[in-house]
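Visitor: Got a structure here, written out as structure tokens. Questions coming.
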Amino acid sequence: MDDLQIIAEKIVSQAKPDEQIEAFIAWDEETSIRVYNRGIENLSQSQSSGVGIRVVSDQRQGFAWAGTLEPSAIEFALSEARDNAKFATQDEYLGLGIPDGVEPQNLDLWQEDLANHSTEEKVSLALELEEAVRKSDKRITSIESANYGDVRSIASVLTSTGLSATFKQTFSYISAHAIATQGQETQTGGGYSVGRTLGELDLQKAASDASIRATRMLGATKPSSSRLTVIFDPQVATTLLAIIGSTLSGEAVLKGRSLFADRLAEKVASDVVTLVDDPTNPNAFGASVYDAEGYASRQTTLISDGILNGFLYDTYSSRRAGVNSTASATRGGFASTPGVGARALLLSPGDKSQSELISSIENGVLVQSISGVHSGVNPISGDFSVGAEGLQIRSGTIGAPIKEFTIASSLQKMLQDIVAVGNDLEWIPSVAAGVSIVVEGISVSGA
Amino acid sequence: MISNDLVQKVLASAVARGGEFAEIFVEDKKTSSASLDDGKVEELSSGISRGAGIRVVVGDTTGFAHTADLSESGLLKAAEAARSVALSAQGGIKAVQVGPPDIYSARSLTINPSQIGKREKIHLLERMDNAARSTSGSIRQVSAGYGDSYRQILVANTDGVFATDQQVRTRIAVSTIAFGDTGMQTGYETAAYTMGYEMFDDVVVEELARMAAERAVRKLSARPAPSGILPVVLKGGSGGILFHEACGHGLEADHIVKDSSVYKGKIGELVASPLITLVDDGTVNQQWGTANIDDEGKPSQRNVLIENGVLTDYMWDGLRARKSHRSSSGNGRRQSYQHLPMVRMTNTYLLEGSETPESLISNTDHGIYVARLGGGQVNTATGDFVFGMTEAYLIENGQITHPLRDANLIGNGPDVLKKIDGVASDFSITPGTCGKDGQSVPVGCGQATLRITGVTIGGTANG
């Protein structure tokens, strides 16, 4: 979209000599379809756009946004951002980024093909998914929803200090939520598939995942409380890695909010842990040519063989810490300022499959889903306690399903207690890739 | 916001190809916020968003489109996109007439936040920063946030609803970090109301900051929470979220009609301890989940969901009510004009009982006193829930003793409701944000101190 660039240029060109301006302009077009009981429940198609303007002047920063690109709204946002800056605290490290010479990688994140598919075709896909889930298992008694969605999004960030970036990406996804019943008991499960366009979606996998996840907990019981070895499914490991990533933000370190603040070059995890953030990997859902401030994305090694190697930084935190930016600025959209965050975490895989890992566990649990992560994991204290469901492991063999228990430890301890990583790397729509992880000494709390 | 003529024109266009219901929802929202972190006024932000969402219902299908373009051509284009689901439909509504709108004004707006200088709003944050830091030398970090929003909505539909409302919300929050030999601990406190800046006539921000600071400091000497099933005394206020999650979501009619609630088919049955009366009430003075009308134009009302343990009703939005041939209970809400409304809670609370918090504690031999619950999550189909305890203590021999580190509680909603054996009379409501299907809306949760005979505590220590 050249239009976005033009609008951005018009905003940024108004920078006064003693002022820096950043314009972030986003546009997207979304389709979302929900089917239920062999018919369309909802169909929604819309475009939206907006602008976020950051002004730095006299070492103070202000921000404002508008959910439209109407000239009067843009004018409002610029004048409010300028006014807001007057009230902020002066900070010598504030300022927009300047080009650092790192070349952007060419990533193919936009599939023109997505625009070629009709709404009818998308509706059919959702209906087909619903039917596939329905037929997958007799115990599936209803399908709460089957969905198709896609989004084409373009964003431009331009600064008066010389950074300029345009991001284009497409996503297409299907998902289904199934309900399984056996006697008086009900369980639920979901499955999905995500790609850059329709052709990349795996309908059978989405359907069978929903079906398996809904039925596998039927007959589950509450386990007794004990301390044992846990193997996390790749899907669950993704969530854990995303939390670990948030504790490795340079901003959290500077503000005394990171568990790992004073631990650079120390052993913070077991030897099998090597953790890298690499948004230049096109397989990652968080892949992006640039970060949210317009720096070219790059690879950052956070933990190497258990040794803490570094943190993630955006422009402000890197200047304040006196290091180079790792191009780790992220933003939730045009209505918020950038923050620091991981985008494509990858825990180096090991050489064993999940079943090989399980075969070496005497007494343990395969954790297939966790809940209450926001309330139960404190990334500052490290306290970790979440609800879990999964399968019992006895003498290296998978046993009965168990539910309504919690698993607890601390983030610090869990990192040290990782004894193996699987070879089953899976790219999941998250800031981290999934892979099976075996952790010892977890407290299971049940009956 | 837009003229009556245009409202009529858009509705007529929306049903031009058939369909039995169409609606236009126009929203104009201005927000302002400020944050202080690390001793610095880090960010002031202002934002505006304005647009309309149009939906058309044809049989079991809803077509929806939204636009930020409120001109006649922009709205008609959105109406056309929304009605695309009606291409093959027959019949529907032929004529659309709208009368004059019902005009509602803000619940409480003695002082419009937009009239307050930015300096003064920042000063609130500075006062909280000072108060938190002066509470204890262990407080190492403080972040504080202020926000206000001014939302005007217009809703009109082919059933004859035509209403406008003005919704003003103001909030403040503070987070602290205490540092000691045992590492770092956190504390949080917030106040939020559906009212203007006059909120600060009653809310003493230093008090919030002191509570958040003390919460973090106390946890420095906390023990790991136990593991296993124990009796729990839940302090009044934030504990209300347990009933919002463990039970409220399962009483939303969209889950009922889709068979994804454990409460389906249970009207008239005893589903909770007879001590329990659960209400969802969008009319409670200036609480966070309060509004004059819901986002479908239906006036808010007080709905009794469970009375003395017996399930009396579910919560309904217009769409689900229409299909069940009844009226909406005023629970049709949406995050913004870009979202479809669905069944949502407003302020959900348990009515108070007659005991005292002290007697509930002293009658507990060995258990947990939860003074503040954090967020939670529920699977409505199974009733299984988890919640974070962010301030909790051990109860030993009827006395509150040691503070405990953060941990989750896990249980099953229908099961816990039956295990409540005492409710006190110290009722209060706390604000929260409820997420469902990707949409967030402000809600209130309330309860008086109560006791649950047994819940699984997800700690690491032996119970």
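Visitor: Here are the criteria: (1) farther than 29 Å from A:S211 by Cβ; (2) facing chain B (nearest Cβ under 10 Å); (3) of a type outside the set (D, E); (4) outside any helix (DSSP H, G or I). Tell me which single one A:A81 does not satisfy.
Guide: (4)
Visitor: With respect to B:S33, is the statement that it is among the hydroxyl-bearing types (S, T, Y), surrounded by fewer than 20 Cβ atoms within 10 Å (Cβ to Cβ), assigned to a strand (DSSP E or B) and out of contact with any His (no Cβ under 7 Å at 6 or more places or on another chain) true? Walk me through how you get there before you give the answer.
Guide: Working: among the hydroxyl-bearing types (S, T, Y): yes; surrounded by fewer than 20 Cβ atoms within 10 Å (Cβ to Cβ): yes; assigned to a strand (DSSP E or B): yes; out of contact with any His (no Cβ under 7 Å at 6 or more places or on another chain): yes.
Criteria met by B:S33.
Visitor: Turning to a different aspect of this structure: Could you pull out the residue among B:D60, B:D69 that is more than 7 Å from every other protein chain (Cβ to nearest Cβ) and closer than 23 Å to B:Q335 by Cα? Don't jump to the end; show me each part of the working.
Guide: Numbers: B:D60 fails: more than 7 Å from every other protein chain (Cβ to nearest Cβ).
Result of the check over B:D60, B:D69: B:D69.
Visitor: For the range A:163-187, give me each residue that is surrounded by 20 or more Cβ atoms within 10 Å (Cβ to Cβ) and within 14 Å of chain B (Cβ to nearest Cβ).
Guide: Correct list: A:S175, A:A176, A:H177, A:A178, A:I179, A:A180, A:T186, A:Q187.
Visitor: Give me a count of the residues in the range A:389-421 that are more than 14 Å from chain B (Cβ to nearest Cβ) and surrounded by fewer than 24 Cβ atoms within 10 Å (Cβ to Cβ).
Guide: Narrowing the range A:389-421 to residues more than 14 Å from chain B (Cβ to nearest Cβ): A:391-400, A:415-416, A:418-421.
Of the ones still in play, those that are also surrounded by fewer than 24 Cβ atoms within 10 Å (Cβ to Cβ) are A:391-400, A:416, A:418-421.
Qualifying residue count for the region: 15.
Visitor: If you take the residues in the range B:175-196 that are part of a strand (DSSP E or B) and β-branched (V, I, T), which one is farthest from the other protein chains (Cβ to nearest Cβ)? So that I can check it myself, show each step before the final result.
Guide: Our first condition is that a residue be part of a strand (DSSP E or B); within the range B:175-196, this holds for B:175-180, B:183-193.
Those still in the list that are β-branched (V, I, T) too: B:176-177, B:186, B:190.
Numbers: B:T176: 10, B:I177: 6, B:T186: 5, B:T190: 15 Å.
Looking at residues that are part of a strand (DSSP E or B) and β-branched (V, I, T), I get B:T190.
Visitor: May I pose another question? Is it the case, given these coordinates, that B:G374 is in contact (Cβ under 8 Å) with a residue 12 or more places away in the chain, part of a strand (DSSP E or B), under 19 Å from the mean Cα position of the chain (by Cα) and farther than 28 Å from A:T31 by Cα?
Guide: yes
Visitor: Could you grab me the full set of residues in the range B:371-417 that are under 15 Å from B:G454 (Cβ atoms), more than 9 Å from chain A (Cβ to nearest Cβ) and buried (at least 21 other Cβ atoms within 10 Å of the Cβ)?
Guide: Scanning the range B:371-417 gives B:I395, B:G413, B:V416, B:L417.
Visitor: Continuing with the same structure: Among the candidates B:D365, B:D426, which residue alone is more than 30 Å from A:S409 (Cβ to Cβ), assigned by TED's automatic domain parsing to the domain that holds B:V310 and of a type in the set (D, E)?
Guide: Values: B:D365 fails: more than 30 Å from A:S409 (Cβ to Cβ).
The match here is B:D426.
Visitor: Could you grab me the full set of residues in the range A:343-394 that are part of a helix (DSSP H, G or I) and either modelled with pLDDT of 95 or more or in contact with a helix residue (DSSP H, G or I) (Cβ under 7 Å, 6 or more places away or on another chain) (or both)?
Guide: The initial filter retains those residues of the range A:343-394 that are part of a helix (DSSP H, G or I), namely A:354-359, A:373-376.
Correct list: A:Q354, A:S355, A:E356, A:L357, A:I358, A:S359, A:V373.
Visitor: Return yes or no: is A:A176 assigned to a strand (DSSP E or B) and in contact (Cβ under 8 Å) with a residue 24 or more places away in the chain? Lay out the reasoning, then the answer.
Guide: Numbers: assigned to a strand (DSSP E or B): yes; in contact (Cβ under 8 Å) with a residue 24 or more places away in the chain: yes.
Considered against the rule, which asks whether it is assigned to a strand (DSSP E or B) and in contact (Cβ under 8 Å) with a residue 24 or more places away in the chain, A:A176 comes out as yes.
Here's the yes/no breakdown for (1) more than 8 Å from every other protein chain (Cβ to nearest Cβ); (2) assigned to a strand (DSSP E or B):
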residue: B:A16; (1), (2): yes, no
residue: B:A22; (1), (2): yes, yes
residue: B:E27; (1), (2): yes, yes
residue: B:L44; (1), (2): no, yes
residue: B:R55; (1), (2): yes, yes
residue: B:F64; (1), (2): no, yes
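Visitor: Go through the residues of the range A:55-64 one by one and say whether even a single one is of a type in the set (S, T, Y), surrounded by fewer than 24 Cβ atoms within 10 Å (Cβ to Cβ) and farther than 24 Å from B:T62 by Cβ. Give the derivation first.
Guide: Step one: filter the range A:55-64 for residues of a type in the set (S, T, Y), giving A:57.
Filter once more, so that each one left must be surrounded by fewer than 24 Cβ atoms within 10 Å (Cβ to Cβ): A:57.
Within this subset, residues satisfying the condition of being farther than 24 Å from B:T62 by Cβ are A:57.
Yes.
Visitor: Pairs, please: C-beta under 6 Å, at least 6 apart or cross-chain, first residue assigned by TED's automatic domain parsing to the domain that holds B:R151 and in the range B:1-28, second basic (K, R)?
Guide: Every condition considered, the pairs that remain are B:A14/B:R83; B:R17/B:R83; B:E23/B:R55; B:D28/B:R50.
Visitor: If you don't mind, there's one more thing I want to ask. Within the range B:246-270, can you find the residues that are crowded, with 24+ Cβ neighbours inside 10 Å and either of a type outside the set (G, A, S) or on the phi > 0 side of the Ramachandran plot (or both)?
Guide: Result: B:C247, B:H249, B:L251, B:E252.
Visitor: Can A:D424 be described as touching a helix residue (DSSP H, G or I) at 6+ places or on another chain (Cβ under 7 Å) and surrounded by fewer than 24 Cβ atoms within 10 Å (Cβ to Cβ)? Walk me through it before giving the result.
Guide: On the way: touching a helix residue (DSSP H, G or I) at 6+ places or on another chain (Cβ under 7 Å): yes; surrounded by fewer than 24 Cβ atoms within 10 Å (Cβ to Cβ): yes.
Against the criterion (touching a helix residue (DSSP H, G or I) at 6+ places or on another chain (Cβ under 7 Å) and surrounded by fewer than 24 Cβ atoms within 10 Å (Cβ to Cβ)), A:D424 qualifies.
Visitor: Same structure again: Which members of the range A:108-147 meet the condition of being away from chain B (no Cβ under 14 Å) and either of a type in the set (K, R) or closer than 25 Å to A:T161 by Cα (or both)?
Guide: A:K135, A:K138
Visitor: When you scan the range A:189-263 for helices (runs of 4 or more DSSP H) that lie fully inside it, which ones turn up with 3 or more residues that are more than 12 Å from chain B (Cβ to nearest Cβ)? Working first, answer last.
Guide: Values: elements: A:203-215, A:234-247, A:250-254.
Hits in the range A:189-263: A:203-215, A:234-247.
Quick grid of which residues meet (1) without any contact (Cβ under 8 Å) to a residue 60 or more places away in the chain; (2) surrounded by fewer than 23 Cβ atoms within 10 Å (Cβ to Cβ); (3) among the β-branched types (V, I, T):
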site: B:D181; (1), (2), (3): yes, yes, no
site: B:M184; (1), (2), (3): yes, no, no
site: B:T190; (1), (2), (3): no, yes, yes
site: B:R210; (1), (2), (3): no, yes, no
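Visitor: Consider A:E30 carefully, then state whether it is at the interface with chain B (Cβ under 8 Å from one of its Cβ atoms), in contact (Cβ under 8 Å) with a residue 60 or more places away in the chain, surrounded by fewer than 20 Cβ atoms within 10 Å (Cβ to Cβ) and under 30 Å from A:H177 (Cα atoms). Give the derivation first.
Guide: Working: at the interface with chain B (Cβ under 8 Å from one of its Cβ atoms): no; in contact (Cβ under 8 Å) with a residue 60 or more places away in the chain: yes; surrounded by fewer than 20 Cβ atoms within 10 Å (Cβ to Cβ): yes; under 30 Å from A:H177 (Cα atoms): yes.
So A:E30 does not fit the description; no.
Here's the yes/no breakdown for (1) over 24 Å from A:F260 (Cα atoms); (2) among the small types (G, A, S); (3) touching a residue at least 12 places away in the same chain (Cβ under 8 Å):
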| position | (1), (2), (3) |
| --- | --- |
| A:K352 | yes, no, yes |
| A:G364 | yes, yes, yes |
| A:G396 | yes, yes, yes |
| A:A408 | no, yes, yes |
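Visitor: Right, something else. Please work out if A:S224 is surrounded by fewer than 21 Cβ atoms within 10 Å (Cβ to Cβ) and at pLDDT below 95. Before you say what the answer is, go through the steps one by one.
Guide: Working: surrounded by fewer than 21 Cβ atoms within 10 Å (Cβ to Cβ): yes; at pLDDT below 95: yes.
Against the criterion (surrounded by fewer than 21 Cβ atoms within 10 Å (Cβ to Cβ) and at pLDDT below 95), A:S224 qualifies.
Visitor: If I ask for residues that are more than 29 Å from A:A342 (Cβ to Cβ) and assigned to a loop (DSSP other than H, G, I, E, B), which ones from the range A:395-439 would you list?
Guide: A:S395, A:G396
Visitor: Can you tell me which residue in the range A:116-146 is surrounded by the most Cβ atoms within 10 Å (Cβ to Cβ), limited to those that are among the aliphatic types (A, V, I, L, M) and in contact with a Lys or Arg (Cβ under 7 Å, 6 or more places away or on another chain)?
Guide: Restricting attention to the range A:116-146, the residues satisfying the condition of being among the aliphatic types (A, V, I, L, M) are A:123, A:125-127, A:129, A:132-133, A:140, A:143, A:146.
Subsequent filtering for residues that are in contact with a Lys or Arg (Cβ under 7 Å, 6 or more places away or on another chain) retains A:127, A:140, A:143.
Details: A:L127: 17, A:I140: 21, A:I143: 26.
Checking each candidate, the answer is A:I143.
Visitor: Can you tell me which residue is farthest from A:E103 (Cα to Cα) among those in the range A:281-310 that are among the hydrophobic types (A, V, I, L, M, F, W, C) and touching a Phe, Trp or Tyr at 6+ places or on another chain (Cβ under 8 Å)? Give the derivation first.
Guide: Just the residues of the range A:281-310 that are among the hydrophobic types (A, V, I, L, M, F, W, C), to begin with: A:284-285, A:287, A:289, A:292, A:296, A:302-303, A:307-308.
Restricting the remaining residues to those that are touching a Phe, Trp or Tyr at 6+ places or on another chain (Cβ under 8 Å) gives A:284-285, A:289, A:292, A:296, A:302, A:308.
Values: A:A284: 19, A:F285: 21, A:V289: 10, A:A292: 16, A:A296: 6, A:L302: 21, A:L308: 27 Å.
Step by step, filter the range A:281-310, then rank; the result is A:L308.
Visitor: For the range B:437-463, give me each residue that is assigned to a strand (DSSP E or B) and more than 13 Å from chain A (Cβ to nearest Cβ).
Guide: Restricting attention to the range B:437-463, the residues satisfying the condition of being assigned to a strand (DSSP E or B) are B:439-447, B:450-458, B:461-462.
Within the range B:437-463, B:V441, B:P442, B:V443, B:G444, B:C445, B:G446, B:Q447, B:L450, B:R451, B:I452, B:T453 meet the criteria.
The values are calculated or read from the model by the stated rules, or taken from the named source; none is laboratory data. Being a predicted model, the structure only gives us computed values, none of them experimental. FYI the Cβ positions are ideal-geometry reconstructions off the backbone, even for glycines, and counts take in every protein chain you see.
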